[in-house]
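**Student:** My structure is below; once you've seen it, I'll send some questions.
What follows is calculated from the coordinates using simple rules that are stated; it is not laboratory data. Everything quoted here is computed from the prediction, not taken from an experiment. Virtual Cβ from ideal backbone geometry, glycine too; neighbours counted across all protein chains shown.
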Amino acid sequence: MRHNVIKRTSEARYARTTHSTGKNKVASQFAFLRQNSAKQRASSPQTNIECDDDMSADIVRHLSTSLAAFELVIVPGLDGSARHHWQSCWQTLFYAGDISFSTVNQKIWSKPHYKSWILTLVSTVKKSRKPVLLIGHSLGCLLIAHAVEQGVLPNTVVGALLVAPADVENGPEQDRSRVAAFSPVPLSPLPFPTLVVGSRNDPWLSVTRARMLARHWNASFIDAGLKGHIGNQSHVGYWLDGLMFLDRLAQTALIEKTGLRRFHKRILQ
């Protein structure tokens, strides 16, 4: 896979990655969603820290076609995903849209146990009845990479969105002891289409390291801008950019699975 570096996402820039017949439509659709989101944030100060359920129907309509062929497995990281975390917001979204998904639920989020976390991930994926797209955040990304390196991840996985991987070797000093068992960072290539999303001001991962990991993992790198760790403290809500990344991953997985490019004509419609 060619290693693509994608700068700060915008509707128009994303549209250029899709089939030419859908350029203007994709841009206008997400512009509309962003305008609605901005209006709702202005009318409700809680929007920055809660999921916006009023947007569910609009977003699901754009995503349900490309996601219908998959089961989405959400893989949280250290300390789990609070109710306002984008992963939790996406669960609400997927449920509303009747999109198949499951979540890897670890017993103790604050004290990750390497072996049990691996087993829980593998067990969750094995229960899936469709090809799996993994949606990892932080330490969850490292968990996926370790499972691949160990050869225990089921071959039903056909793609992964890895958001803000935790650089356990260079992360915040006060937290390194909690994630020491996940060191060193696995560098084996991932055998399925992968997008690595990195932030320019992430205390857990520098952009330089993010690009390096993407190269080793045979993934495409996406620059998410200034989003911190894109986690519980980032308050990105539904994170529309992330949903566009997920749609792109789904389209790529469909093309690799079927060899048909017609799916691009239906992107986000």
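**Student:** Would you mind counting up the charge near residue 208? Only other residues with Cβ under 15 Å from its Cβ, with Lys and Arg at +1 and Asp and Glu at -1.
**Tutor:** Residues close to residue 208 contribute a combined charge of 0.
**Student:** Okay, next question. Pick out, from 112, 231, 102, the residue whose Cα sits farthest towards the positive end of the charge dipole of segment 90-233, with +1 on the Cβ of Lys and Arg and -1 on the Cβ of Asp and Glu.
**Tutor:** Positive-most Cα among the choices belongs to 102.
**Student:** Can you list the HN-Hα couplings for segment 232-245, worked out from phi with the Karplus curve (6.51, -1.76, 1.60; θ = phi - 60°), rounded to whole Hz and with x for Gly and Pro?
**Tutor:** Running phi through 6.51 cos²θ - 1.76 cosθ + 1.60 with θ = phi - 60° gives 4, 9, 8, 6, 9, x, 6, 6, 4, 4, x, 5, 5, 5 Hz.
**Student:** So how much slack lies between residue 115 and residue 215, counting 0.36 nm per residue of separation and subtracting their Cα-Cα distance, in nm?
**Tutor:** Stretched fully, the residue 115-residue 215 segment lengthens by 33.4 nm.
**Student:** Figure the gain on full extension for residue 61 and residue 174 (residue separation times 0.36 nm, minus the Cα-Cα span) and round it to one decimal in nm.
**Tutor:** Taking residue 61 through residue 174 to full extension adds about 36.4 nm, to one decimal.
**Student:** Under a 5 Å amide H to amide H cut-off, with H placed in plane at 1.01 Å, what residues pair with residue 163 once short-range neighbours are removed?
**Tutor:** Those qualifying (amide H under 5 Å, at least 5 residues apart or on another chain) are 136, 137, 138, 197.
**Student:** For a quick check: with amide H placed at 1.01 Å from N, whose amide H comes under 5 Å from residue 74's, ignoring anything fewer than 5 positions away on the same chain?
**Tutor:** 102, 103, 104, 135
**Student:** Which whole-Hz ³J(HN,Hα) couplings does segment 77-85 yield from phi under the Karplus relation 6.51 cos²θ - 1.76 cosθ + 1.60, θ = phi - 60°, glycine and proline marked x?
**Tutor:** x, 4, 6, x, 10, 5, 5, 8, 5
**Student:** Which links in 107/127; 115/227; 126/227; 115/257; 111/227 stretch past 28 Å when you go from one Cα to the other?
**Tutor:** Pairs exceeding the cut-off: 115/227; 126/227; 115/257.
**Student:** When the convex hull of the C-alpha atoms of segment 162-263 is computed, what volume per residue in Å³ does it have?
**Tutor:** Taking only Cα atoms, segment 162-263 has a hull volume of 107 Å³ per residue.
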